[in-house]
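S.K.: After the structure tokens below, expect a handful of questions from me.
The values are calculated or read from the model by the stated rules, or taken from the named source; none is laboratory data. This structure is a prediction, so every number in the text was calculated from the model and none was measured. So basically every Cβ, Gly included, is an ideal-geometry build from the backbone, and we count neighbours across all protein chains shown. When the accessible area is computed, the model is the full protein with side chains, heavy atoms only, and any ligands, DNA or RNA have been set aside. Shrake-Rupley method; radii C 1.70, N 1.55, O 1.52, S 1.80 Å.
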Amino acid sequence: MDLLACPMCKTFPLKLIVFNRNIYKREFRGRKPVCELYCSFLNKEIKDLKERGEEPPCEECFKYEVAEGILICPKCGRWYPIINEIPRMLPDEYRREKEDLEFLRKYKDHIPEEVLKRGLPYNLSSELK
Amino acid sequence: MKKFVERLRENILKIRSRIYMRGPKRLIRDVLITRHSYEAVAEGYASWRSRPWSISRLSSPGNILDLGSGHCINGVEAALKTNSYVVCVDYSVNMISIAKMIIFKKDVYGDYVVADMLRTPFRENSFNTILLIASIHHIPEYFIRRITSDLNRILRRRGLIIITIWSWRQSRFVFDLFFNMIKTFLGLLDFPRRFVVKWRSRRGVFERVYYLYSLEEISREIERKNLRILSRGYYSPMKRSSENIYIIALKD
């Protein structure tokens, strides 16, 4: 999440909404903070955390993988699904309407109304009237 | 005679523009055909190309991006050798699913994303090394400049780009090259070194479209973005494998 930007408009950071997550027994190796600019676990910028003297919980974050979720671009309104722990950041021309709409329908209780009604490239506006 | 040839060429160009899809649309079709083939052959491809190429070990430590990674065997090797973090990116979901398994199996610190090389989903100054092992030759000439600009954007200062592509100087392409030259002269083809290579498997025959650039063409595009070429030339990554072009460039 510290590196991911919108493939279409390059906005960073993206908004992450987690539907399910998997927990792994993994040992944290490395220096803290792992992320340079943005900690998605706390939804805060690293420089803000440093200013307050807070430490990001990298050991805790390291245990989790987002199994199913959605990434939302706050600028252009595009959304990208995370399915089976894999973020699918494909541009519009590669997206499949049927699969995308199925994903939206499946998780519509977790997805913000803004994305359901006006999200790009596909949304459920016709079904939600 | 010269006038006759010119008139003939003009007429063929007119007919061609009516028959063929124009410009980028047709090129995107090439990219989609190749993507579909890699989706279909992912498992076979991963078992066939199971050993990493030694050139990937030249990566510098830090964040490594394996762009057009396939099952990411090269990115994983680079991360293991330099004790770094790797991000594997490919437009095939099946390939990235295999990459995910390899990352877990080898206990590498890494992530995996399904994305397109033409629109990378990364912020600027993200990576210390970008690997493009046998991937950029699937990109039509029309888009190459877009890719080099984007690489420059996401690469950090003092970062490395390692590129390999198939060399077009292979005996298997001689006949195709001859016919492609004629097609290009008649205006039926935009790029003479566009080759369709078939992958035969039990499930069928799948086509992959290759755009085999010369060393000079790729070097020119890299240098245009003010990346400094440290080394370039031809090499064969394995015994009996065909010749490849390689370029290693640095962002000053």
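S.K.: Quick one: grab the alpha carbon gyration tensor of chain B, order the square roots of its eigenvalues as a ≥ b ≥ c, and give me rounded if a/c is under 1.5, else prolate or oblate depending on whether a/b is larger than b/c. The partial results should precede the final answer.
M.R.: Values: a/c = 1.96, a/b = 1.59, b/c = 1.24.
It comes out prolate by the Cα gyration axes.
S.K.: Going by alpha carbons, how many degrees (0 to 90, nearest 10) lie between the helix axis of B:174-185 and the longest principal axis of chain B?
M.R.: Long axis of B:174-185 versus the principal axis of chain B: about 60 degrees.
S.K.: Ignore the peptide's own chain and count Cβ atoms of other chains within 10 Å of each Cβ in B:108-120; give me the average, rounded.
M.R.: On the way: counts 0, 6, 0, 7, 3, 10, 10, 9, 6, 0, 4, 11, 4.
Per-residue shielding by partner chains comes out at 5.
S.K.: Write down the percent of antiparallel bridges among all DSSP beta bridges whose residues are both part of the protein assembly as shown, to the nearest 5. Provide the component values of the computation, followed by the final result.
M.R.: Working: 41 of 63 bridges.
Approximately 65 percent, going by the DSSP bridge assignments.
S.K.: Using protein heavy atoms only (no ligands, DNA or RNA), what is the total accessible area buried between B and A, 1.4 Å probe, nearest 100 Å²?
M.R.: 2500 Å²
S.K.: Would you kindly find the accessible area of residue A:92, with a 1.4 Å probe and non-protein molecules such as ligands, DNA and RNA excluded, rounding to the nearest 10 Å²?
M.R.: Residue A:92 has an accessible surface of roughly 40 Å² with all protein chains in place.
S.K.: Can you give me the C-alpha center-to-center distance between the range B:28-62 and the range B:74-135, rounded to a whole angstrom?
M.R.: Centre-to-centre (Cα) distance: 11 Å.
S.K.: Same structure again: Between the helical axis of A:97-106 and the dominant principal axis of chain A, each derived from Cα atoms, what acute angle in degrees is found, rounded to the nearest 10?
M.R.: That helix lies at roughly 70 degrees to the long axis.
S.K.: Net charge near residue A:51: determine it from the other residues with C-beta under 11 Å of the C-beta of residue A:51, scoring Lys and Arg +1 and Asp and Glu -1. Intermediate values should be presented prior to the final figure.
M.R.: Working: positive: A:44, A:47, A:50, A:52; negative: A:45, A:48, A:54.
Neighbour charge sum, excluding residue A:51 itself: +1.
S.K.: Which value in deg cm²/dmol, rounded to the nearest 500, describes the helix-derived mean residue ellipticity at 222 nm for chain A, given -39,500 (n - 2.57) per DSSP H run of n ≥ 4 and division by the residue count? Can you show the working numbers first?
M.R.: Values: 4 runs with 28 residues, N = 129.
My calculation for chain A gives -5500 deg cm²/dmol from helical runs alone.
S.K.: Applying the Karplus parametrisation 6.51 cos²θ - 1.76 cosθ + 1.60 with θ = phi - 60° to the phi angles of the range B:75-89, what ³J(HN,Hα) value in whole Hz is obtained for each residue in order, glycine and proline being reported as x?
M.R.: x, 5, 4, 4, 5, 5, 5, 10, 6, 10, 9, 10, 10, 9, 10
S.K.: Between residue B:125 and residues 5 or more places away or on another chain, which pairs have amide H atoms under 5 Å apart, with H built 1.01 Å from N, and which residues are they?
M.R.: B:154, B:155
S.K.: Only loop residues by DSSP count here, and only those with at most 14 other Cβ atoms within 10 Å; note down the GluC sites (Glu not before Pro) in the range A:8-91 that meet that. Intermediate results must be reported in sequence, preceding the final value.
M.R.: On the way: sites: A:27, A:36, A:45, A:51, A:54, A:59, A:60, A:65, A:68, A:85; in loops: A:27, A:36, A:54, A:85.
Taking the range A:8-91 and a limit of 14 other Cβ atoms within 10 Å, the loop GluC sites (Glu not before Pro) found are A:27, A:36, A:54.
S.K.: While we're here: Apply 1/(1 + (r/R0)^6) to the Cβ-Cβ distance of residue A:58 and residue A:108, taking R0 = 30 Å, and write down the FRET efficiency to the nearest 0.05. Display every interim value, and only then the final one.
M.R.: Numbers: r = 33 Å, r/R0 = 1.09.
Here the calculated transfer efficiency is 0.35.
S.K.: A further question follows. How many lysine pairs does chain A hold where the Cα atoms are under 12 Å apart and the two sit 8 or more places apart or on different chains? Before the final figure, lay out the partial values.
M.R.: Details: A:10/A:75; A:15/A:44; A:15/A:75; A:25/A:63; A:32/A:50; A:108/A:117; A:117/A:129.
Qualifying lysine pairs in chain A: 7.
S.K.: If you only keep lysine pairs separated by 8 or more in sequence, or across chains, how many in chain B come under 23 Å at the Cα atoms?
M.R.: The number of close lysine pairs in chain B is 16.
S.K.: Further question on the same structure: Test of the criteria: in the range B:171-202, which trypsin sites (Lys or Arg not before Pro) are in a DSSP loop and have at most 15 other Cβ atoms within 10 angstrom of their Cβ? Mind showing how you got there, number by number?
M.R.: Numbers: sites: B:172, B:183, B:193, B:194, B:198, B:200, B:202; in loops: B:193, B:202.
Here the sparse-neighbourhood loop sites are B:202.
S.K.: Say the dipole of the protein assembly as shown comes from +1 at the beta carbon of Lys and Arg and -1 at that of Asp and Glu; which of B:168, B:46, A:58 then lies farthest toward its positive end?
M.R.: Going by the charge dipole, the pick is B:168.
S.K.: Between residue A:22 and residue B:54, what FRET efficiency comes out of the Förster formula 1/(1 + (r/R0)^6) with R0 = 25 Å and r the beta carbon distance, rounded to 0.05?
M.R.: Numbers: r = 35 Å, r/R0 = 1.38.
In this case the efficiency is close to 0.15.
S.K.: Sticking with this structure for a sec: When only C-alpha pairs under 8 Å and at least 6 residues apart count, what is the relative contact order of chain B, in percent? Walk me through the numbers before you get to the answer.
M.R.: On the way: 479 pairs, mean separation 46.7, N = 252.
Value for chain B: 19 percent.
S.K.: Shielding of A:77-87 by partners, i.e. mean partner chain Cβ atoms within 10 Å per residue? Walk me through the numbers on the way to the answer.
M.R.: On the way: counts 0, 0, 0, 4, 1, 2, 2, 4, 5, 9, 7.
Averaged over the peptide's residues, the number is 3.
S.K.: Heavy atoms of the protein only, probe of 1.4 Å, neighbouring chains included. What is the accessible area of residue B:133 in Å², nearest 10?
M.R.: Accessible area of residue B:133: about 10 Å².
S.K.: Further question on the same structure: For the protein assembly as shown, give the magnitude of the charge dipole about the Cα centre (Cβ charges: +1 Lys/Arg, -1 Asp/Glu; no others), in debye to the nearest 20.
M.R.: On the way: 70 positive and 46 negative charges, 298 e Å.
Computed about the Cα centre, the dipole is about 1440 debye.
S.K.: Sum -39500 (n - 2.57) across every DSSP H segment of at least 4 residues in chain B, then divide by the residue count to get the 222 nm mean residue ellipticity, nearest 500. Numbers along the way, then the final one.
M.R.: Numbers: 7 runs with 103 residues, N = 252.
Taking each H run of at least 4 residues, the total per residue is -13500 deg cm²/dmol.
S.K.: Here's something else I'd like to know. Can you tell me the orientation of helix B:23-48 relative to chain B, as the angle in degrees between its alpha-carbon axis and the longest Cα principal axis, to the nearest 10?
M.R.: 50 degrees
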